Amino acid sequence: MVEKESTGSREGTEQVVVVGAGLSGLATALGVALRGGRAIVLEASDLVGGASAYSGGQVWSGANHVAERNGIEDSLGLTEQYIRSIAHDSPELLDEAAMKRWIEVSPEAMKYWEEVGAIEWAMIPGLADYHNEAEGALPEGRYLTNAVIDGSVLGQWREKLRYSPYFPVGQTYDEMLGKGRRASYVEDDAPSRHGHVGLPAFGLADGSHSKSQPEDGDPLTFGTGVVASFLARVLSEPSIDIRLEHRVVELVTDSSGAVVGVRAEASDGPVQFDGPVVLATSTYDWDPELVREMLGLDPEDFGSVAPETLRGDGIRLARAVGGDITKIPPTAVPILPGWRSQVGTGYGYGPEYAMPHSMIVDRTGNRYCNDSYWVDIVSKTLNPDDRHLPFFLVWDDQHRQKYGLAATPPGGEYPEGWVASAPSLQELGEKLGIDGDQLGRTAERFSENARRGEDPDFGRGTVTYVNKFAGDPSSKPSPVLGEIAQGPFHGLRLKFVGTGIGSSGVRIDGDGRALDGQGIPIAGLYTVGSAAGLSTTGTGYNSGIALGRGLTLAYLVANELSGGADEVGTGLRAAAR
């Protein structure tokens, strides 16, 4: 028997059912509550934050007010120019109306969230747009993140906050970028004042990673901090109810096909909640069937560092009531080169593949892409006309001594059987199943150019964002280039790892309404965050767009569910050009 809950709302308004307690879900619930409504948030796991809390906490927004108060000039026109430029490969996948709606409303949404106390924004300094060569790109100003927040403001919910094992939570972007991302982990192998150890626990994507509050302060930054900021504000609203360990398994519809509620599985049995539904379930990383459908990858070539609760629930729920799916080509999906974890069954990733004294090759022993830049790695490796799977990371002992890899610190020894090592590149090739002779020739040419800080073959070192975010700032003449010449040599077979941004997802319009196969909105059903397909930017992507668009959609959907949709964006239209 299904227990039915239908909590009344103030002044007779409907309760909104939000499925997923990641950043976009929390923001949607907050927006509803601040406009006089009630929201219940149903989260499948026992922790709050989803993939957003594991992320770098970058929120990309063009022409935002934070850049303006930092003296940076930007405009909606430049922002649109940039998005069009990076989406040029498949313009037919770009939803013109949705793109313009997002670009126009995003600055308004970012300002709103700050004004209502959901977050205090900080601009990430000196971080350029991905595609620095594209028209409309800026050298800084479009990446926002949270000003440091102390975890104590969350009270007992602090123990329910997902804590990122992939970023040095507690440090600021200023601190991390100054030292280099990898160095920020390994400068100290003892617990720091921030309550984390120097080395990241790569591969702990088991849906259970939380962090106890240290005795001497609990500064939260990166994705953990952004989520914590919104969660703190959510907890101050009595009209928001968060239910953990409530996995939604079915959408309830009426005789007209409108969505009127959900059925969920809870620890004490099935339960039904009535009201319009907002899917905020993120993506499909941990569902092998959907990974194969959306990315064309089998488990031997794919893993995920996102929480294991990202099982494509939003896609399946929407499909069951006639929802359509937006599919973005695998070559444009932001997945990253990663590896099997050193412990357990999880996966890991980090900047090491982009750091000096390393390169990526295929089975022939040849490089084939800018192997410091995931955009080019994904595009070239998964090119349907010239695939390069399997692919391998190869590095020399200078890399081991300077940087280590995953949980292995600089100068440390890799766990037995985790990587292949050999005194020569030819022998390493034999161990990995690579043409060793060609591998040696490839490394020789790569090294000759790297000593000059150049890569005339594939342009490694030409992407400003990568140099800043992933490179070694102490390496000269390039933060991402160094010879591969000192044995022993090391290598491993790479996997692509998802981070909770699948790009393909529920088809929506510019206001977050879920659409059917004819492009008609499904009454009572909305989708926000990475559960929604990225037709807003088509095949273009830039770090931070997932969170930035998610917060914009949350703002739009909350407005519509509160009867204020016509008011959104009116303040910015005059400045659109």
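The values are calculated or read from the model by the stated rules, or taken from the named source; none is laboratory data. The shown structure was predicted, so the numbers you read here are calculated from the model rather than taken from an experiment. We place every Cβ from the backbone using ideal geometry, glycine too, and count neighbours over all the protein chains shown. Quick note on the areas: whole protein, heavy atoms, side chains included, nothing else; ligands and nucleic acids left out. Shrake-Rupley method; radii C 1.70, N 1.55, O 1.52, S 1.80 Å.
Overview of results
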{"item": "The listed residue being buried (at least 21 other Cβ atoms within 10 Å of the Cβ) and in a helix (DSSP H, G or I), out of LEU317, LEU310", "result": "LEU317"}
{"item": "Residue tally, condition among the hydrophobic types (A, V, I, L, M, F, W, C) and in a strand (DSSP E or B), over region 23-47", "result": "4"}
{"item": "Search result, residues across region 239-271 that are touching a residue at least 40 places away in the same chain (Cβ under 8 Å), among the small types (Gly, Ala, Ser) and not in a strand (DSSP E or B)", "result": "SER239, SER256, GLY257, ALA258"}
{"item": "Count - residues of region 106-116 that are open to solvent by 10 Å² or more (accessible area, probe 1.4 Å) and aliphatic (A, V, I, L, M)", "result": "1"}
{"item": "Scope region 278-292; condition under 23 Å from VAL32 (Cα atoms) and out of contact with any Gly (no Cβ under 6 Å at 6 or more places or on another chain); matching residues", "result": "VAL278"}
{"item": "Extreme residue, surrounded by the most Cβ atoms within 10 Å (Cβ to Cβ), among residues of region 373-396 that are in contact with a Ser or Thr (Cβ under 9 Å, 6 or more places away or on another chain) and under 29 Å from LYS179 (Cα atoms)", "result": "VAL394"}
{"item": "Sole residue being in contact with a Leu (Cβ under 8 Å, 6 or more places away or on another chain), open to solvent by 10 Å² or more (accessible area, probe 1.4 Å), modelled with pLDDT under 90 and of a type in the set (A, V, I, L, M), chosen from LEU177, LEU138", "result": "LEU177"}
{"item": "Single unsatisfied condition, SER503 versus (1) open to solvent by 10 Å² or more (accessible area, probe 1.4 Å); (2) farther than 30 Å from GLY417 by Cβ; (3) of a type in the set (S, T, N, Q)", "result": "(1)"}
{"item": "Filter pass, TYR465 being surrounded by 23 or more Cβ atoms within 10 Å (Cβ to Cβ), assigned to a helix (DSSP H, G or I), at negative phi and of a type in the set (Ser, Thr, Tyr)", "result": "no"}
{"item": "Residue satisfying condition, being open to solvent by 30 Å² or more (accessible area, probe 1.4 Å) and touching a residue at least 40 places away in the same chain (Cβ under 8 Å), within set PRO351, PRO329", "result": "PRO329"}
{"item": "Qualifying residues in region 52-69 (those that are of a type outside the set (A, V, I, L, M, F, W, C) and not in a helix (DSSP H, G or I)) - the one most open to solvent (accessible area, probe 1.4 Å)", "result": "SER55"}
{"item": "Identity of the residue in region 70-105, of a type in the set (D, E, K, R) and assigned to a helix (DSSP H, G or I), that ends up most open to solvent (accessible area, probe 1.4 Å)", "result": "GLU92"}
{"item": "Unique match (being over 30 Å from GLN171 (Cα atoms), in contact (Cβ under 8 Å) with a residue 40 or more places away in the chain and out of contact with any strand residue (DSSP E or B) (no Cβ under 6 Å at 6 or more places or on another chain)) among ASP298, ASP313, ASP274", "result": "ASP313"}
{"item": "Any hit, region 361-375, residues being of a type in the set (A, V, I, L, M, F, W, C) and part of a helix (DSSP H, G or I)", "result": "yes"}
{"item": "Options GLN156, GLN171: the member that is at pLDDT 90 or above, farther than 28 Å from HIS65 by Cβ and polar (S, T, N, Q)", "result": "GLN156"}
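To keep it simple, each residue is scored yes or no on (1) touching a helix residue (DSSP H, G or I) at 6+ places or on another chain (Cβ under 9 Å); (2) within 30 Å of GLY564 (Cα to Cα).
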position	(1), (2)
SER75	yes, yes
LEU78	no, yes
MET99	yes, yes
PRO107	yes, yes
GLU114	yes, yes
ASP129	yes, no
ASN146	yes, yes
